[in-house]
1. For helix B:146-188, report the angle its Cα long axis makes with the longest principal axis of the Cα atoms of chain B; keep it between 0 and 90° and round to the nearest 10°.
2. Over the protein assembly as shown, with every protein chain in place, what whole percent of the accessible area is carbon and sulfur at 1.4 Å, could you tell me?
3. Which of the listed residues, B:TYR233, B:PHE247, B:VAL223, is farthest toward the dipole's positive end in chain B, when Lys, Arg count +1 and Asp, Glu count -1 at the beta-carbon?
4. Threshold 10 Å², probe 1.4 Å: give the residues of the stretch A:124-157, in number order, that are less accessible with all protein chains present than with their chain alone.
5. Roughly how many Å² is the accessible area per residue of chain A, as a whole number, for a 1.4 Å probe?
6. How many square angstrom of accessible surface are buried between B and A, both sides summed, with a 1.4 Å probe and rounding to 100?
7. If the convex hull of the alpha-carbon atoms of the stretch B:55-144 is projected onto planes in all directions, what is the mean projected area in square nanometres?
8. Quick one: order A:HIS171, A:HIS196, B:HIS4 from most to least accessible surface, probe 1.4 Å.
Amino acid sequence: MIDFNHVTLEYPVTRTLALEDLTMQVARGEFIYLVGHSGAGKSSFMNLVLKRALPTRGEVRIAGEPLSRYRGRRTPLLRRRIGTVFQDNLLLHHLNAYDNVAFSLRVIGVPQREWPQRVTTALRTVGLEHKKQALPLQLSLGEQQRVAIARAIVSNPPLLLADEPTGNLDHENSREVLKILQNVNLRGTTVVVATHARELVETFRHRTLTLRKGRLVRDDPDGGYSL
Amino acid sequence: MMYHLRQALLAMRANFTATFSTLTTMTITLLVLGAVLLLTLNVNRTLEQLEAQVEVAAFLKDDANIPALLGQVKLYQGVHDARLVSREQVLAEMTRDYPYARDAAALAGNPFPNTLRMRVERVQDSRRIANIVQALPGVATVEYGANYVDPAVKTLNAIRTAGYGLVALLLLGTLFNILNAVRVAMFARRNEIGVMRLLGATPAFIRMPHLIEGVLVGLIAAVVSVSVLAASYLELAKRVAQLVPVFPIVTDLNTIAPILVGIALLSIVIGLLGSLFATSRYLRELE
Ligand SMILES: Nc1ncnc2c1ncn2[C@@H]1O[C@H](COP(=O)(O)OP(=O)(O)OP(=O)(O)O)[C@@H](O)[C@H]1O
Ligand SMILES: [Mg+2]
(Lines give C-alpha, C1' and ligand atoms only; values in the text may rest on other atoms or scores of the structure.)
(Ligands and ions follow the chains in the order given, each with its own letter.)
Protein backbone atom coordinates (compact mmCIF):
# COMPACT_ATOMS: atom_id res chain seq x y z
CA MET A 1 0.00 0.00 0.00
CA ILE A 2 2.82 2.36 0.98
CA ASP A 3 6.23 1.88 -0.49
CA PHE A 4 9.19 4.10 0.43
CA ASN A 5 12.33 3.49 -1.54
CA HIS A 6 15.46 5.24 -0.20
CA VAL A 7 13.51 8.34 0.56
CA THR A 8 15.26 11.42 1.91
CA LEU A 9 13.38 14.58 2.82
CA GLU A 10 15.23 17.79 3.46
CA TYR A 11 12.95 20.77 3.95
CA PRO A 12 14.24 23.32 1.48
CA VAL A 13 13.67 26.46 3.58
CA THR A 14 15.26 25.39 6.86
CA ARG A 15 17.51 22.73 5.32
CA THR A 16 16.54 20.32 8.11
CA LEU A 17 16.98 16.69 7.30
CA ALA A 18 13.60 15.29 8.37
CA LEU A 19 13.94 11.80 6.89
CA GLU A 20 17.07 10.08 5.70
CA ASP A 21 17.25 7.17 3.31
CA LEU A 22 14.01 5.61 4.48
CA THR A 23 13.04 2.31 2.90
CA MET A 24 9.93 0.56 4.13
CA GLN A 25 6.68 -1.01 2.97
CA VAL A 26 3.24 -1.18 4.44
CA ALA A 27 1.06 -3.94 3.03
CA ARG A 28 -2.59 -3.54 2.14
CA GLY A 29 -4.76 -4.04 5.22
CA GLU A 30 -1.92 -3.58 7.72
CA PHE A 31 -2.08 -1.58 10.96
CA ILE A 32 1.21 0.03 11.89
CA TYR A 33 2.53 2.44 14.47
CA LEU A 34 5.12 5.06 13.74
CA VAL A 35 6.91 6.02 16.95
CA GLY A 36 9.84 8.28 17.74
CA HIS A 37 10.80 11.34 19.71
CA SER A 38 9.56 14.73 18.81
CA GLY A 39 11.20 15.81 15.57
CA ALA A 40 12.02 12.24 14.56
CA GLY A 41 10.15 12.66 11.27
CA LYS A 42 6.75 11.07 11.88
CA SER A 43 4.74 13.98 10.52
CA SER A 44 7.20 14.33 7.68
CA PHE A 45 6.39 10.76 6.71
CA MET A 46 2.70 11.66 6.60
CA ASN A 47 3.48 14.79 4.57
CA LEU A 48 5.28 12.72 1.98
CA VAL A 49 2.42 10.24 1.67
CA LEU A 50 -0.05 13.12 1.28
CA LYS A 51 2.22 14.90 -1.17
CA ARG A 52 2.34 17.96 1.03
CA ALA A 53 6.10 17.61 0.80
CA LEU A 54 8.19 16.20 -2.03
CA PRO A 55 11.07 13.79 -1.40
CA THR A 56 14.51 15.28 -1.96
CA ARG A 57 15.71 11.87 -3.09
CA GLY A 58 14.07 8.50 -3.55
CA GLU A 59 10.58 7.48 -4.53
CA VAL A 60 7.27 7.12 -2.73
CA ARG A 61 4.59 4.82 -4.14
CA ILE A 62 1.03 4.55 -2.94
CA ALA A 63 -0.95 1.50 -4.11
CA GLY A 64 1.84 0.84 -6.58
CA GLU A 65 1.71 4.29 -8.17
CA PRO A 66 4.68 6.61 -7.84
CA LEU A 67 3.57 9.93 -6.37
CA SER A 68 5.40 11.74 -9.14
CA ARG A 69 2.48 10.59 -11.32
CA TYR A 70 0.10 12.72 -9.30
CA ARG A 71 1.21 15.96 -10.85
CA GLY A 72 -0.43 19.26 -10.01
CA ARG A 73 -4.08 18.80 -10.81
CA ARG A 74 -4.11 15.13 -9.87
CA THR A 75 -2.95 15.66 -6.30
CA PRO A 76 -6.57 15.90 -5.09
CA LEU A 77 -7.20 12.43 -6.54
CA LEU A 78 -4.43 11.06 -4.34
CA ARG A 79 -5.84 12.75 -1.26
CA ARG A 80 -9.29 11.37 -1.91
CA ARG A 81 -7.89 7.90 -1.41
CA ILE A 82 -6.33 8.78 1.93
CA GLY A 83 -8.26 9.57 5.10
CA THR A 84 -6.45 11.82 7.57
CA VAL A 85 -6.80 12.43 11.30
CA PHE A 86 -4.60 14.89 13.15
CA GLN A 87 -3.97 15.81 16.73
CA ASP A 88 -5.89 19.02 16.16
CA ASN A 89 -9.03 17.60 14.72
CA LEU A 90 -9.44 20.40 12.14
CA LEU A 91 -13.22 20.30 12.38
CA LEU A 92 -15.01 23.30 10.92
CA HIS A 93 -16.39 24.99 14.01
CA HIS A 94 -19.45 26.47 12.32
CA LEU A 95 -20.71 23.09 11.14
CA ASN A 96 -22.34 20.45 13.31
CA ALA A 97 -21.05 16.87 13.47
CA TYR A 98 -23.22 15.69 10.62
CA ASP A 99 -22.23 18.57 8.34
CA ASN A 100 -18.56 18.20 9.16
CA VAL A 101 -18.66 14.59 8.03
CA ALA A 102 -20.83 15.41 5.02
CA PHE A 103 -18.35 18.13 4.07
CA SER A 104 -15.93 15.41 3.09
CA LEU A 105 -18.49 14.02 0.64
CA ARG A 106 -19.40 17.44 -0.71
CA VAL A 107 -15.79 18.27 -1.44
CA ILE A 108 -15.30 15.18 -3.58
CA GLY A 109 -18.62 15.56 -5.35
CA VAL A 110 -20.66 12.71 -3.90
CA PRO A 111 -24.36 13.25 -4.78
CA GLN A 112 -26.36 14.66 -1.87
CA ARG A 113 -28.88 11.84 -1.79
CA GLU A 114 -26.12 9.46 -0.69
CA TRP A 115 -25.08 11.65 2.21
CA PRO A 116 -27.58 10.74 4.95
CA GLN A 117 -26.88 7.06 4.77
CA ARG A 118 -23.12 7.30 4.47
CA VAL A 119 -22.73 10.00 7.11
CA THR A 120 -24.95 8.10 9.52
CA THR A 121 -22.96 4.92 9.00
CA ALA A 122 -19.67 6.73 9.60
CA LEU A 123 -20.98 8.39 12.76
CA ARG A 124 -22.27 5.04 13.98
CA THR A 125 -18.82 3.53 13.46
CA VAL A 126 -17.37 6.09 15.87
CA GLY A 127 -20.33 5.77 18.23
CA LEU A 128 -21.67 9.29 17.78
CA GLU A 129 -24.86 8.74 15.87
CA HIS A 130 -26.76 10.54 18.62
CA LYS A 131 -24.61 13.69 18.43
CA LYS A 132 -25.30 14.57 14.80
CA GLN A 133 -26.59 18.04 15.59
CA ALA A 134 -23.84 19.01 18.01
CA LEU A 135 -21.33 21.70 17.06
CA PRO A 136 -17.67 20.83 17.71
CA LEU A 137 -17.55 23.16 20.71
CA GLN A 138 -20.46 21.26 22.24
CA LEU A 139 -18.48 18.02 22.07
CA SER A 140 -15.68 16.73 24.28
CA LEU A 141 -12.22 16.53 22.74
CA GLY A 142 -12.56 12.76 22.47
CA GLU A 143 -15.86 13.13 20.71
CA GLN A 144 -14.42 15.76 18.40
CA GLN A 145 -11.63 13.42 17.46
CA ARG A 146 -14.16 10.70 16.75
CA VAL A 147 -16.07 13.04 14.45
CA ALA A 148 -12.78 13.72 12.68
CA ILE A 149 -12.31 9.98 12.22
CA ALA A 150 -15.84 9.69 10.84
CA ARG A 151 -15.02 12.47 8.39
CA ALA A 152 -11.85 10.66 7.36
CA ILE A 153 -13.54 7.34 6.70
CA VAL A 154 -16.88 8.44 5.24
CA SER A 155 -15.40 8.43 1.75
CA ASN A 156 -14.16 4.84 2.26
CA PRO A 157 -10.47 5.53 1.60
CA PRO A 158 -8.24 2.46 1.36
CA LEU A 159 -5.64 4.20 3.55
CA LEU A 160 -6.04 6.06 6.84
CA LEU A 161 -3.28 8.22 8.29
CA ALA A 162 -3.57 9.28 11.93
CA ASP A 163 -0.91 11.71 13.18
CA GLU A 164 -0.98 11.71 16.98
CA PRO A 165 -4.73 11.17 17.02
CA THR A 166 -4.70 10.86 20.81
CA GLY A 167 -2.28 13.69 21.52
CA ASN A 168 -4.93 15.81 23.21
CA LEU A 169 -6.87 12.98 24.86
CA ASP A 170 -6.88 11.28 28.24
CA HIS A 171 -6.42 7.51 28.69
CA GLU A 172 -10.04 6.55 28.33
CA ASN A 173 -10.60 8.59 25.18
CA SER A 174 -7.30 7.46 23.70
CA ARG A 175 -8.23 3.80 24.08
CA GLU A 176 -11.63 4.53 22.61
CA VAL A 177 -10.05 6.19 19.56
CA LEU A 178 -7.58 3.35 19.16
CA LYS A 179 -10.38 0.78 19.23
CA ILE A 180 -12.20 2.70 16.54
CA LEU A 181 -9.09 2.81 14.39
CA GLN A 182 -8.70 -0.94 14.83
CA ASN A 183 -12.30 -1.47 13.77
CA VAL A 184 -11.70 0.60 10.69
CA ASN A 185 -8.65 -1.54 10.01
CA LEU A 186 -10.68 -4.71 10.41
CA ARG A 187 -12.91 -3.61 7.54
CA GLY A 188 -9.88 -3.64 5.26
CA THR A 189 -8.49 -0.13 5.54
CA THR A 190 -4.73 0.21 5.87
CA VAL A 191 -4.01 2.30 9.00
CA VAL A 192 -0.87 4.22 9.94
CA VAL A 193 -0.79 5.76 13.42
CA ALA A 194 2.00 8.11 14.47
CA THR A 195 2.11 8.38 18.22
CA HIS A 196 4.04 9.08 21.42
CA ALA A 197 1.64 7.07 23.57
CA ARG A 198 3.68 4.17 24.90
CA GLU A 199 0.74 2.77 26.83
CA LEU A 200 -1.36 2.43 23.68
CA VAL A 201 1.40 0.89 21.61
CA GLU A 202 1.99 -1.69 24.28
CA THR A 203 -1.69 -2.43 24.89
CA PHE A 204 -2.90 -2.67 21.32
CA ARG A 205 -0.02 -4.46 19.70
CA HIS A 206 0.72 -3.95 16.03
CA ARG A 207 3.77 -3.73 13.83
CA THR A 208 5.80 -0.76 15.03
CA LEU A 209 8.34 1.33 13.13
CA THR A 210 10.68 3.44 15.21
CA LEU A 211 12.29 6.59 13.82
CA ARG A 212 15.22 8.40 15.32
CA LYS A 213 16.41 11.67 13.81
CA GLY A 214 14.88 10.80 10.49
CA ARG A 215 16.28 7.29 10.33
CA LEU A 216 14.39 4.03 10.64
CA VAL A 217 16.04 2.28 13.59
CA ARG A 218 13.57 -0.51 14.33
CA ASP A 219 10.86 -2.38 12.50
CA ASP A 220 9.22 -4.68 15.01
CA PRO A 221 6.50 -6.93 13.52
CA ASP A 222 5.09 -7.81 16.94
CA GLY A 223 5.06 -4.30 18.29
CA GLY A 224 6.41 -2.97 21.52
CA TYR A 225 7.63 0.45 22.44
CA SER A 226 11.34 0.91 22.82
CA LEU A 227 13.03 4.24 22.38
CA MET B 1 -23.73 25.41 -7.53
CA MET B 2 -26.20 26.65 -4.93
CA TYR B 3 -23.61 25.75 -2.33
CA HIS B 4 -20.95 27.85 -4.05
CA LEU B 5 -23.35 30.75 -4.49
CA ARG B 6 -24.26 30.63 -0.82
CA GLN B 7 -20.59 30.54 0.13
CA ALA B 8 -19.93 33.53 -2.14
CA LEU B 9 -22.71 35.56 -0.54
CA LEU B 10 -21.52 34.62 2.93
CA ALA B 11 -17.99 35.67 2.05
CA MET B 12 -19.20 38.98 0.65
CA ARG B 13 -21.12 39.70 3.82
CA ALA B 14 -18.28 38.62 6.07
CA ASN B 15 -15.78 40.85 4.23
CA PHE B 16 -18.18 43.69 3.69
CA THR B 17 -15.54 46.44 3.75
CA ALA B 18 -13.36 44.90 1.09
CA THR B 19 -16.34 44.00 -1.06
CA PHE B 20 -17.83 47.47 -0.70
CA SER B 21 -14.61 49.26 -1.59
CA THR B 22 -14.18 47.06 -4.64
CA LEU B 23 -17.72 47.77 -5.64
CA THR B 24 -17.20 51.52 -5.23
CA THR B 25 -13.97 51.78 -7.23
CA MET B 26 -15.39 49.55 -9.89
CA THR B 27 -18.54 51.66 -10.22
CA ILE B 28 -16.57 54.90 -10.35
CA THR B 29 -14.27 53.47 -12.98
CA LEU B 30 -17.17 52.38 -15.12
CA LEU B 31 -18.85 55.76 -14.73
CA VAL B 32 -15.74 57.59 -15.90
CA LEU B 33 -15.24 55.13 -18.72
CA GLY B 34 -18.86 55.58 -19.78
CA ALA B 35 -18.57 59.35 -19.62
CA VAL B 36 -15.42 59.32 -21.75
CA LEU B 37 -16.97 56.97 -24.29
CA LEU B 38 -20.14 59.00 -24.59
CA LEU B 39 -18.14 62.21 -24.86
CA THR B 40 -16.00 60.65 -27.59
CA LEU B 41 -19.08 59.51 -29.39
CA ASN B 42 -20.46 63.03 -29.44
CA VAL B 43 -17.14 64.61 -30.31
CA ASN B 44 -16.80 62.28 -33.26
CA ARG B 45 -20.32 63.02 -34.35
CA THR B 46 -19.66 66.75 -34.13
CA LEU B 47 -16.40 66.49 -36.03
CA GLU B 48 -18.08 64.52 -38.76
CA GLN B 49 -20.60 67.27 -39.11
CA LEU B 50 -17.95 69.95 -39.12
CA GLU B 51 -15.96 68.05 -41.66
CA ALA B 52 -18.95 67.80 -43.91
CA GLN B 53 -19.17 71.59 -43.83
CA VAL B 54 -15.54 72.52 -44.13
CA GLU B 55 -14.81 74.38 -47.32
CA VAL B 56 -11.69 75.69 -48.92
CA ALA B 57 -12.39 78.94 -50.74
CA ALA B 58 -10.04 80.16 -53.50
CA PHE B 59 -10.49 83.81 -54.50
CA LEU B 60 -9.59 84.16 -58.16
CA LYS B 61 -7.90 86.95 -60.07
CA ASP B 62 -9.87 88.61 -62.84
CA ASP B 63 -7.81 86.98 -65.55
CA ALA B 64 -8.13 83.42 -64.18
CA ASN B 65 -8.99 80.60 -66.56
CA ILE B 66 -12.04 79.45 -64.63
CA PRO B 67 -13.06 76.25 -66.47
CA ALA B 68 -9.47 74.97 -66.43
CA LEU B 69 -9.09 75.64 -62.71
CA LEU B 70 -12.42 74.04 -61.91
CA GLY B 71 -11.50 70.94 -63.88
CA GLN B 72 -8.11 70.71 -62.20
CA VAL B 73 -9.13 71.05 -58.54
CA LYS B 74 -11.87 68.47 -58.99
CA LEU B 75 -9.14 65.95 -59.73
CA TYR B 76 -7.33 66.52 -56.42
CA GLN B 77 -7.46 63.81 -53.86
CA GLY B 78 -9.52 64.74 -50.85
CA VAL B 79 -11.62 67.22 -52.78
CA HIS B 80 -15.15 66.11 -52.46
CA ASP B 81 -16.81 68.67 -54.66
CA ALA B 82 -15.88 71.99 -56.30
CA ARG B 83 -18.03 74.69 -57.72
CA LEU B 84 -17.67 78.20 -58.97
CA VAL B 85 -19.45 81.03 -57.27
CA SER B 86 -19.33 84.07 -59.55
CA ARG B 87 -18.71 87.56 -58.17
CA GLU B 88 -22.33 88.41 -58.86
CA GLN B 89 -23.51 85.48 -56.80
CA VAL B 90 -21.19 86.45 -53.98
CA LEU B 91 -22.57 89.93 -54.04
CA ALA B 92 -26.11 88.54 -54.01
CA GLU B 93 -25.24 86.40 -50.99
CA MET B 94 -23.66 89.32 -49.22
CA THR B 95 -26.58 91.58 -50.03
CA ARG B 96 -28.93 89.03 -48.57
CA ASP B 97 -27.01 89.04 -45.31
CA TYR B 98 -26.00 92.70 -45.29
CA PRO B 99 -28.46 94.77 -47.35
CA TYR B 100 -26.23 97.86 -47.48
CA ALA B 101 -23.60 95.91 -49.45
CA ARG B 102 -25.61 96.71 -52.59
CA ASP B 103 -25.25 100.45 -51.96
CA ALA B 104 -21.56 100.05 -51.45
CA ALA B 105 -21.29 98.05 -54.66
CA ALA B 106 -23.26 100.66 -56.54
CA LEU B 107 -20.72 103.27 -55.46
CA ALA B 108 -17.45 101.38 -55.84
CA GLY B 109 -18.28 98.52 -58.14
CA ASN B 110 -18.58 94.86 -57.05
CA PRO B 111 -15.60 94.29 -54.67
CA PHE B 112 -15.95 90.53 -54.58
CA PRO B 113 -13.83 88.22 -56.70
CA ASN B 114 -14.98 85.10 -58.47
CA THR B 115 -14.61 82.25 -55.96
CA LEU B 116 -13.95 78.52 -56.19
CA ARG B 117 -15.50 76.66 -53.29
CA MET B 118 -14.23 73.17 -52.58
CA ARG B 119 -15.60 70.66 -50.11
CA VAL B 120 -12.90 68.51 -48.56
CA GLU B 121 -13.47 65.00 -47.36
CA ARG B 122 -11.49 65.32 -44.13
CA VAL B 123 -10.61 68.34 -42.06
CA GLN B 124 -6.95 67.37 -41.91
CA ASP B 125 -6.73 67.62 -45.72
CA SER B 126 -7.84 71.20 -45.95
CA ARG B 127 -4.47 72.75 -45.22
CA ARG B 128 -2.72 70.60 -47.85
CA ILE B 129 -5.34 71.31 -50.47
CA ALA B 130 -5.30 75.00 -49.65
CA ASN B 131 -1.54 75.11 -50.21
CA ILE B 132 -1.75 73.35 -53.58
CA VAL B 133 -4.58 75.53 -54.78
CA GLN B 134 -2.76 78.65 -53.62
CA ALA B 135 0.05 77.86 -56.05
CA LEU B 136 -2.20 77.58 -59.09
CA PRO B 137 -2.09 80.41 -61.67
CA GLY B 138 -5.03 82.73 -61.43
CA VAL B 139 -5.56 82.19 -57.69
CA ALA B 140 -5.19 85.31 -55.56
CA THR B 141 -5.72 84.01 -52.00
CA VAL B 142 -7.10 80.95 -50.25
CA GLU B 143 -9.04 80.61 -47.03
CA TYR B 144 -10.09 77.49 -45.21
CA GLY B 145 -12.18 76.58 -42.22
CA ALA B 146 -9.54 74.55 -40.47
CA ASN B 147 -8.40 77.77 -38.88
CA TYR B 148 -11.08 77.28 -36.30
CA VAL B 149 -11.59 73.49 -36.61
CA ASP B 150 -7.96 72.64 -35.83
CA PRO B 151 -7.79 73.92 -32.25
CA ALA B 152 -11.18 72.39 -31.49
CA VAL B 153 -10.03 68.98 -32.71
CA LYS B 154 -6.83 69.23 -30.72
CA THR B 155 -8.57 70.21 -27.50
CA LEU B 156 -11.13 67.45 -27.78
CA ASN B 157 -8.48 64.89 -28.61
CA ALA B 158 -6.51 65.94 -25.56
CA ILE B 159 -9.56 65.60 -23.34
CA ARG B 160 -10.27 62.21 -24.80
CA THR B 161 -6.70 60.99 -24.28
CA ALA B 162 -6.67 62.25 -20.71
CA GLY B 163 -9.98 60.48 -20.16
CA TYR B 164 -8.63 57.18 -21.42
CA GLY B 165 -5.53 57.60 -19.28
CA LEU B 166 -7.71 58.14 -16.25
CA VAL B 167 -9.78 55.10 -17.12
CA ALA B 168 -6.66 52.98 -17.49
CA LEU B 169 -5.49 54.03 -14.03
CA LEU B 170 -8.88 53.40 -12.54
CA LEU B 171 -9.09 49.98 -14.18
CA LEU B 172 -5.76 49.13 -12.63
CA GLY B 173 -7.01 50.33 -9.26
CA THR B 174 -10.14 48.28 -9.64
CA LEU B 175 -8.16 45.20 -10.50
CA PHE B 176 -5.97 45.60 -7.42
CA ASN B 177 -9.03 46.09 -5.31
CA ILE B 178 -10.52 42.85 -6.57
CA LEU B 179 -7.27 41.01 -6.03
CA ASN B 180 -7.16 42.32 -2.50
CA ALA B 181 -10.79 41.54 -1.75
CA VAL B 182 -10.47 37.97 -2.99
CA ARG B 183 -7.30 37.48 -0.99
CA VAL B 184 -8.97 38.74 2.15
CA ALA B 185 -11.92 36.45 1.53
CA MET B 186 -9.70 33.43 0.94
CA PHE B 187 -7.59 34.25 3.96
CA ALA B 188 -10.71 34.35 6.09
CA ARG B 189 -11.53 30.89 4.80
CA ARG B 190 -8.02 29.51 5.17
CA ASN B 191 -8.94 26.84 7.73
CA GLU B 192 -11.74 25.60 5.58
CA ILE B 193 -9.52 25.69 2.49
CA GLY B 194 -6.86 23.71 4.33
CA VAL B 195 -9.38 21.03 5.25
CA MET B 196 -10.77 21.00 1.73
CA ARG B 197 -7.34 20.41 0.27
CA LEU B 198 -6.69 17.61 2.71
CA LEU B 199 -9.98 15.98 1.79
CA GLY B 200 -9.10 16.13 -1.90
CA ALA B 201 -10.96 19.17 -3.17
CA THR B 202 -9.97 20.29 -6.63
CA PRO B 203 -8.67 23.84 -7.06
CA ALA B 204 -11.77 24.58 -9.12
CA PHE B 205 -13.98 23.59 -6.20
CA ILE B 206 -12.01 25.74 -3.78
CA ARG B 207 -12.01 28.83 -5.92
CA MET B 208 -15.56 28.61 -7.22
CA PRO B 209 -17.17 30.76 -4.49
CA HIS B 210 -14.57 33.45 -5.11
CA LEU B 211 -15.10 33.41 -8.86
CA ILE B 212 -18.82 33.79 -8.25
CA GLU B 213 -18.05 36.64 -5.87
CA GLY B 214 -15.97 38.36 -8.56
CA VAL B 215 -18.67 38.00 -11.17
CA LEU B 216 -21.35 39.18 -8.73
CA VAL B 217 -19.37 42.29 -7.81
CA GLY B 218 -18.84 42.95 -11.53
CA LEU B 219 -22.52 42.48 -12.17
CA ILE B 220 -23.63 44.80 -9.38
CA ALA B 221 -21.14 47.48 -10.45
CA ALA B 222 -22.37 47.08 -14.03
CA VAL B 223 -26.03 47.48 -13.10
CA VAL B 224 -25.40 50.53 -10.90
CA SER B 225 -23.07 52.36 -13.28
CA VAL B 226 -25.02 51.61 -16.45
CA SER B 227 -28.28 52.78 -14.87
CA VAL B 228 -26.66 55.97 -13.59
CA LEU B 229 -24.97 56.57 -16.95
CA ALA B 230 -28.10 55.97 -18.98
CA ALA B 231 -30.31 58.13 -16.77
CA SER B 232 -27.91 61.04 -16.47
CA TYR B 233 -26.90 60.96 -20.12
CA LEU B 234 -30.47 61.04 -21.37
CA GLU B 235 -31.27 63.88 -18.97
CA LEU B 236 -28.18 65.78 -20.13
CA ALA B 237 -29.05 65.17 -23.77
CA LYS B 238 -32.50 66.59 -23.19
CA ARG B 239 -31.10 69.73 -21.58
CA VAL B 240 -28.54 70.22 -24.35
CA ALA B 241 -31.18 69.74 -26.99
CA GLN B 242 -33.22 72.51 -25.35
CA LEU B 243 -30.36 74.91 -24.70
CA VAL B 244 -28.17 74.41 -27.80
CA PRO B 245 -30.39 72.84 -30.44
CA VAL B 246 -27.64 73.00 -33.09
CA PHE B 247 -25.33 70.72 -31.11
CA PRO B 248 -25.70 67.28 -32.65
CA ILE B 249 -25.89 65.28 -29.37
CA VAL B 250 -26.39 61.57 -29.93
CA THR B 251 -29.64 60.27 -28.52
CA ASP B 252 -30.06 57.34 -30.85
CA LEU B 253 -30.51 54.26 -28.62
CA ASN B 254 -29.05 51.95 -31.24
CA THR B 255 -25.76 53.81 -30.91
CA ILE B 256 -25.76 54.20 -27.12
CA ALA B 257 -27.01 50.75 -26.14
CA PRO B 258 -23.95 48.85 -27.45
CA ILE B 259 -21.68 51.17 -25.45
CA LEU B 260 -23.61 50.56 -22.25
CA VAL B 261 -23.76 46.81 -22.87
CA GLY B 262 -20.02 46.85 -23.55
CA ILE B 263 -19.35 48.62 -20.26
CA ALA B 264 -21.48 46.07 -18.41
CA LEU B 265 -19.67 43.15 -20.04
CA LEU B 266 -16.30 44.72 -19.30
CA SER B 267 -17.28 45.02 -15.67
CA ILE B 268 -18.21 41.36 -15.41
CA VAL B 269 -15.08 40.26 -17.26
CA ILE B 270 -12.88 42.34 -14.94
CA GLY B 271 -14.59 40.82 -11.91
CA LEU B 272 -14.03 37.34 -13.27
CA LEU B 273 -10.44 37.94 -14.39
CA GLY B 274 -9.51 39.57 -11.09
CA SER B 275 -10.82 36.69 -9.03
CA LEU B 276 -9.36 34.09 -11.39
CA PHE B 277 -5.98 35.70 -11.02
CA ALA B 278 -6.19 36.16 -7.25
CA THR B 279 -7.43 32.62 -6.57
CA SER B 280 -4.85 30.95 -8.74
CA ARG B 281 -2.11 32.95 -7.09
CA TYR B 282 -3.38 32.08 -3.63
CA LEU B 283 -3.65 28.40 -4.46
CA ARG B 284 -0.21 28.39 -6.02
CA GLU B 285 1.26 29.88 -2.85
CA LEU B 286 -0.20 26.98 -0.90
CA GLU B 287 1.38 24.36 -3.13
N1 LIG C 1 7.32 22.44 7.15
C2 LIG C 1 8.56 22.28 7.65
N3 LIG C 1 9.55 23.08 7.21
C4 LIG C 1 10.80 22.94 7.69
N5 LIG C 1 11.16 22.06 8.60
C6 LIG C 1 10.22 21.23 9.10
C7 LIG C 1 8.87 21.31 8.65
N8 LIG C 1 8.15 20.39 9.31
C9 LIG C 1 9.03 19.76 10.12
N10 LIG C 1 10.26 20.25 10.01
C11 LIG C 1 11.45 19.75 10.71
O12 LIG C 1 11.66 18.43 10.31
C13 LIG C 1 12.02 17.62 11.42
C14 LIG C 1 11.02 16.49 11.56
O15 LIG C 1 9.78 17.02 11.94
P16 LIG C 1 8.44 16.18 12.05
O17 LIG C 1 7.32 17.13 12.19
O18 LIG C 1 8.37 15.21 10.97
O19 LIG C 1 8.66 15.42 13.44
P20 LIG C 1 7.63 14.54 14.28
O21 LIG C 1 8.25 13.22 14.43
O22 LIG C 1 6.30 14.61 13.67
O23 LIG C 1 7.65 15.30 15.66
P24 LIG C 1 6.44 15.48 16.70
O25 LIG C 1 6.38 14.21 17.46
O26 LIG C 1 6.91 16.61 17.57
O27 LIG C 1 5.23 15.77 15.93
C28 LIG C 1 12.04 18.54 12.61
O29 LIG C 1 13.39 18.89 12.84
C30 LIG C 1 11.25 19.73 12.21
O31 LIG C 1 11.76 20.90 12.81
MG1 LIG D 1 4.42 15.40 14.25
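The values are calculated or read from the model by the stated rules, or taken from the named source; none is laboratory data. Not measured: the values here are computed from a predicted model. Cβ placement follows ideal geometry from the backbone for every residue including glycine, while neighbour counts extend to all protein chains displayed. Ligands, DNA and RNA are excluded from the accessible area calculation, which covers all protein heavy atoms including side chains. Shrake-Rupley method; radii C 1.70, N 1.55, O 1.52, S 1.80 Å.
1. Value to nearest ten degrees: 0.
2. C and S atoms contribute 58 percent here.
3. Result: B:VAL223, furthest along the dipole toward the positive end.
4. A:ARG151
5. 46 Å²
6. 1500 Å²
7. Computed as one quarter of the Cα hull surface, the answer is 5.8 nm².
8. Largest accessible area first, the list is A:HIS171, A:HIS196, B:HIS4.
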